[in-house]
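Taking it in order: structure first as structure tokens, then the write-up.
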Amino acid sequence: MSAADWYAHKSLGDGLYWIQERFYQSQNRANIWLLRGSHQDVVIDTGLGLRSLPDYIDAMGLLGKDPQRKNPLLAIATHAHFDHSGGLHQFQQVGVHSAEVEALANGDNYETVTWLSDREIAEAPSPGWRASQYKVKAVQPTHILQEGDVINLGDRQLTVLHMPGHSRGSICLHDGDNKLLFSGDVVYDGAMIDWLPYSHVSDYVGSCERLVGLVDSEQVDQVLPGHYNTFGAKRLHRIASSYISRAETCPAKLSTWAWRMLAGVALRVAHPLGGC
């Protein structure tokens, strides 16, 4: 299967594209965002990496057809989990938060929580392909990101907000001028996951408090999340506030503990050495 078949995209205007993997039919299917700038372009999250994302971007002309336009293309993972980082190895420039550099450099399929089944892939990317063969390939990040770093695209800037909780290196990218928030898995319009290896509930509560603050200070109008559909500031406030309210209750703590134990065991069985 070609890259042109595997992916599909939608233009949201102003140089912003929403890309998805058509045949990865799962709640884990991550949104891939492509944002063009006047001096640099950025891909935010890269999906599974089963087909070449750079080839698709080029074939579809998403970066324009001007042969003189030679902007560098930076691929950033909002966090290291497999559904967001699997395609990073396809890019020459790769950014991730410092807390997860080692996991990606080592191809640590435990920390990347690699968990893929055949039933999630509606059409195999190649003859004889099986999900059991799938691993996140090791990649050495070229851009080690920290809280407050600014990614300068020329005509727009993205500020790195370290928002741990879902994972230790989870980040949001904030376009303050346009009041856009690329939120990864820090927040999306669905059940927030705080029970994976390296998840941390108290960190997640702190991150949600920051999200509420962004809304209260009118710094966000639209959220472009790691999964599902985009949503606005009011919904962001409601989702983050609800998590804060329930996270420290006894039933929530018990559920988180139970799911973390199950997830840890399952991942250790699948990836006993924590590597490729």
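The values are calculated or read from the model by the stated rules, or taken from the named source; none is laboratory data. Treat the numbers as computed from the prediction; the structure is a model and nothing was measured. As a convention, Cβ positions derive from the backbone with ideal geometry for all residues, glycine included, and neighbour counts pool all protein chains shown. These area figures cover heavy atoms from the full protein model, side chains too; ligands, DNA and RNA do not enter into them. Shrake-Rupley method; radii C 1.70, N 1.55, O 1.52, S 1.80 Å.
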Quiz item: Of the residues that sit in the range 232-267 and are more than 18 Å from Ala191 (Cβ to Cβ) and modelled with pLDDT of 75 or more, which one is most open to solvent (accessible area, probe 1.4 Å)?
Solution: Lys234
Quiz item: Which condition does Tyr188 not pass, out of (1) touching a residue at least 24 places away in the same chain (Cβ under 8 Å); (2) hydroxyl-bearing (Ser, Thr, Tyr); (3) farther than 20 Å from Leu12 by Cβ, if it passes all the others?
Solution: (3)
Practice problem: Taking only the range 130-153 into account, find how many residues are farther than 15 Å from Gly47 by Cβ, touching a helix residue (DSSP H, G or I) at 6+ places or on another chain (Cβ under 9 Å) and outside any helix (DSSP H, G or I). | Solution: 7
Quiz item: When you go through (1) touching a Leu at 6+ places or on another chain (Cβ under 8 Å); (2) within 23 Å of Gln157 (Cα to Cα) one by one for His79, which number turns out not to apply?
Solution: (1)
Quiz item: What residue, of Ser199, Ser183, Ser170, Ser207, is more than 16 Å from Gly95 (Cα to Cα) and in contact with a Pro (Cβ under 7 Å, 6 or more places away or on another chain)?
Solution: Ser207
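Restricting the search to the range 207-244, which residues are charged (D, E, K, R) and touching a residue at least 40 places away in the same chain (Cβ under 8 Å)? Reasoning before the result, please.
As a first pass, look at the range 207-244 and keep what is charged (D, E, K, R): 209-210, 216, 218, 221, 234-235, 238.
Hits for the range 207-244 are Arg210, Asp221, Arg235.
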Practice problem: Specify which of the listed residues (Arg69, Arg29) is farther than 23 Å from Glu147 by Cα and surrounded by fewer than 17 Cβ atoms within 10 Å (Cβ to Cβ). | Solution: Arg69
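Kindly indicate the residue of the range 104-141 that is within 21 Å of His166 (Cβ to Cβ) and open to solvent by 60 Å² or more (accessible area, probe 1.4 Å) and also modelled with the lowest pLDDT among those meeting that condition. Walk me through it before giving the result.
At the first step, the residues of the range 104-141 found to be within 21 Å of His166 (Cβ to Cβ) are 104-116, 120, 136, 139, 141.
Keeping just the survivors that are open to solvent by 60 Å² or more (accessible area, probe 1.4 Å) gives 106, 115.
On the way: Asn106: 95, Trp115: 89.
The extreme case among them is Trp115.
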Quiz item: Pairs under 7 Å by beta carbon, first residue β-branched (Val, Ile, Thr) in the range 141-162, partner buried (at least 16 other Cβ atoms within 10 Å of the Cβ) and part of a loop (DSSP other than H, G, I, E, B), six or more apart or different chains?
Solution: Val160/Asp149
